[in-house]
1. Among the residues in region 413-420, are any under 27 Å from the mean Cα position of the chain (by Cα), modelled with pLDDT under 95 and surrounded by 16 or more Cβ atoms within 10 Å (Cβ to Cβ)?
2. Please determine, by comparing only the residues of region 91-114 that are touching a helix residue (DSSP H, G or I) at 6+ places or on another chain (Cβ under 8 Å) and among the acidic types (Asp, Glu), which one is surrounded by the most Cβ atoms within 10 Å (Cβ to Cβ).
3. Taking residue 138 as meeting all but one of (1) open to solvent by 40 Å² or more (accessible area, probe 1.4 Å); (2) modelled with pLDDT of 90 or more; (3) in a helix (DSSP H, G or I); (4) not hydroxyl-bearing (Ser, Thr, Tyr), write down the number of the exception.
4. Can you work out which of the residues in region 56-76 that are polar (S, T, N, Q) and under 17 Å from the mean Cα position of the chain (by Cα) is least open to solvent (accessible area, probe 1.4 Å)?
5. Would you pick out the residues in region 200-228 that are in a strand (DSSP E or B), in contact with a helix residue (DSSP H, G or I) (Cβ under 7 Å, 6 or more places away or on another chain) and either within 18 Å of residue 274 (Cα to Cα) or of a type in the set (Gly, Ala, Ser) (or both)?
6. So, residue 579, is that one modelled with pLDDT under 95, farther than 26 Å from residue 160 by Cα and open to solvent by less than 10 Å² (accessible area, probe 1.4 Å) or not?
7. Looking at residue 467, is it open to solvent by 10 Å² or more (accessible area, probe 1.4 Å) and free of Cβ contacts under 8 Å to residues at least 60 places away in the same chain?
8. Residues to consider are 7, 39; find the one that is surrounded by fewer than 21 Cβ atoms within 10 Å (Cβ to Cβ) and farther than 30 Å from residue 605 by Cα.
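The values are calculated or read from the model by the stated rules, or taken from the named source; none is laboratory data. Note that the structure is predicted; figures quoted are calculated from it, not measured. Positions of Cβ are generated from backbone atoms using ideal geometry, with glycine treated the same way; all protein chains shown enter the neighbour counts. Note: accessible area is taken over every heavy atom of the protein model, side chains too, but ligands, DNA and RNA are not part of it. Shrake-Rupley method; radii C 1.70, N 1.55, O 1.52, S 1.80 Å.
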Amino acid sequence: MTTKCPIDTTEMAKTYDPQAVETLLYDWWESQGYFKPEIAPPDAEPFVISMPPPNVTGELHIGHALTTFIEDLMIRYHRMLGRAALWVPGSDHAGIATQLQVERMLASEGTSRQEIGREEFLRRAWEWKAKYGGRILNQLRRMGASCDWDRERFTLDEGLSRAVREAFVRLYEKGLIYRGEYLINWAPGLQTAVSDLEVEYSEEEGTLYYFKYPIAGADLSDGPGKGYIPVATTRPETILGDTAVAVHPDDERYRHLIGKTCLVPILNRTIPVIHDTYVSMEFGTGALKITPGHDPHDFEIGQRHGLPIVNVLNPDATMNENAGPYAGLDRYECRQKLWADMEAAGLTIKTEPYVMQVPRSQRGGEVVEPMVSTQWFVKMKPLAEAGLQVVRDGRIKIIPERFTKVYYNWLENIRDWCISRQLWWGHRIPVWYCGDCGHMTVAREDPTACEKCHSPNLEQDPDVLDTWFSSGLWPFSTLGWPEETEDYKRFYPTDVMETGYDILFFWVARMIMQGLEMTGQVPFHTVYLHGLVRDAQGRKMSKTAGNVIDPLEMMDQYGTDALRFTLLTGSTPGNDMSLSEERIVANRNFANKIWNITRFVVSNLGAAFDAGLGTWNLSAMALPDRWIISRHNRLIEDVTRLMDAYQFGEAGRQLYEFLWGEYADWYIEIAKIRLYGADARAQATARRVLVYVLDRTLRLLHPFMPFVTEAAWQHLPHGDNSLMVTSWPTPGDRDEGAEATMQLMMDIVRAIRNARAEYNVEPVRRIVAHIAAGDRYDLFQSQQDILVELARLDPEDLRLAHTLFDKPDQALTLVVGGVEIYLPLTGMIDLDAERARLQKELAQVEKGIARSRKLLGNEEFVAKAPAQVVQKERDKLDSLREQAQKLRDRLEALTA
């Protein structure tokens, strides 16, 4: 049932109070069903965005705010265009992050997941989700997100879980999912594999350890190349897992050793000396220790040469039985103990500082270890080829375009994706192993018996799927896939995927590949990538740096619209933006300006106001009316073009400049002349134009600043129930002549205002002006009242002529667009006082010039001071000289 807006429109408050209206309006919008696509006609073209699902563990940060504001802007814009706009909200189960939270909670209770078991752990995890999981979605409401909350989804809900199983089984049946032993990134603290994309490399100070690899049957004293091979490593503990020493086949230092054997230090296990062109003869010692179980490059070399794989680490990063006497030690304890033992045995050469790229887990920051493990993988090459093709042939467009090359590079060099995680919270892998015959069953539904021997003795694979596996299905699984639901048929494919450029590979590429594989269609036609939000100095925001801007605090303090407009106008596609609280304050002032403009218009409407333009003949209207309507039509055209080109920041900036810089600063001031005059017909026209332009500008601004525009618009005469369901304005005719003529008038007013400011004329004082208008005489005659009021001229002493034959003495001369304006100084200022003031100011400037010249004349200063300091002083001298010349010119004008 449609209900009236709860905003009290009987009287407009003096100031805009965001806290008083935001929740009120949001709840009303939602109750009216305005967030649902069904408010559009049944045959309306859909416009669909799938919200990047925030982690269920998450708290709102400034990056979430930017994502939400951009997507809400697009949804509101397309809703006003008449499309069936659907924004699907939801949250991600965030496997590792959530499990960490629950494990911390259990630890605080003195227990652990191992103690309580899997079933109880999952119950506690769902309990935790129920308590904290809705927090971030409620915060999205606070930001004005006009999602269809009735269609909210969660990656672990029943429908999405069914979609995940369907996708897994399909890929398995096509031979694209396999189980194998491979080198993966292992997070010892988390006790799980993590993908390459979940590993961040940090540059850290480390140590490069040089040591001797003894040649079997030789004596160390024979030296390098005879008694031993010199090798270097940053991880001595991995020596215990070495299965070869590799040299380049063309390296004269070592080629005679190829085929011989070496002894693993301390363990004395024999390993071969092999040759491989991967080895660089110029780097380090020119010889490589090969540890296929703990290094990705070594793993590939080991595969080429058929080397055995020796794993020396337990899952918790302690050393296992393959480490011999070091078994049970922590990896770093082993490093120290082994090196000490090697020093005692005469096997070390030297150590030196070394800057390393250390792999750390995104979650928790621990150092990950490359380890060989049995995991589940997706073959990515066939999927990547399809993903590349749809971008190359234009079916998917990436904005900004430069990220297309990055996308190509990643997909062209993609590796198989490790999708299994050793966690309990997540989508459990739909694979069962028979305890009797060992057969493996992969199924969409839980089997009750082995499909081979029919034994009921089945055990499900304990691992869960990588969170990004389910997230990759998000655009279509949220609409009901694999079922052919009404939503899936009407709203898939979606339109735009908007997200940060930092997850182009994590998520966007996988959605494209999985969408094509599962549905045969692209999941969206456009990928819009925004950048990171940094602080005012361009630094990354972090709690340790103390430069975090909390969006909730900013919204509480300045209103949601101020933050929205700041982020939307401060960002451009794919580029990082710098954010300062000062900019938010400035846009809070803009929200207040919108309110004050509307309050002025509403207070001047009168009881018998008629809002309709009817069949007005625009060419017969007054110049200011033709100008503002033409400028407004141009604005609609430009803003619509920019919105369609995803240039939201520029669209917002143009709206700001028009509303404040043209409508408020010029048209309202001009309209006051008629509003406060005696001509009733002129009053009525001014009112109608004021309302017409303001109404349509508030519509254009609504996607940027939904709360203040709705609250203000409700006070204007209107037919629709809410601004958010009004139609987007369409541009009318433009009047180039009116725009050019009015621009000349404005330039002349500005020139006179600048002259007044330069000579410190009091704002209330009216001054004398003589104007030689030439062929513009009729224009100035008809618009004389505008000049008089806006430039504060004396109407009694305004002299307007085609040509001035007797120009006034001691007058300031201005020439604007061929029009000459003379402002007699005697009527404008006290000449004697002004001369004295200027002479005093000139004396101070000349002292500054003398000081600066003396400093720059000092050869020692010029030679020893930093270059930027010397240049700054030179720039200062140039500025002082320019200032002095202007003062002399002013003095000359006063004495002429």
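1. yes
2. 92
3. (2)
4. 68
5. 212, 214, 215, 228 - these are the residues of region 200-228 that are in a strand (DSSP E or B), in contact with a helix residue (DSSP H, G or I) (Cβ under 7 Å, 6 or more places away or on another chain) and either within 18 Å of residue 274 (Cα to Cα) or of a type in the set (Gly, Ala, Ser) (or both).
6. Yes; evaluated as a whole, the condition is true for this residue.
7. no
8. Going through 7, 39 in turn, the sole match is 39.
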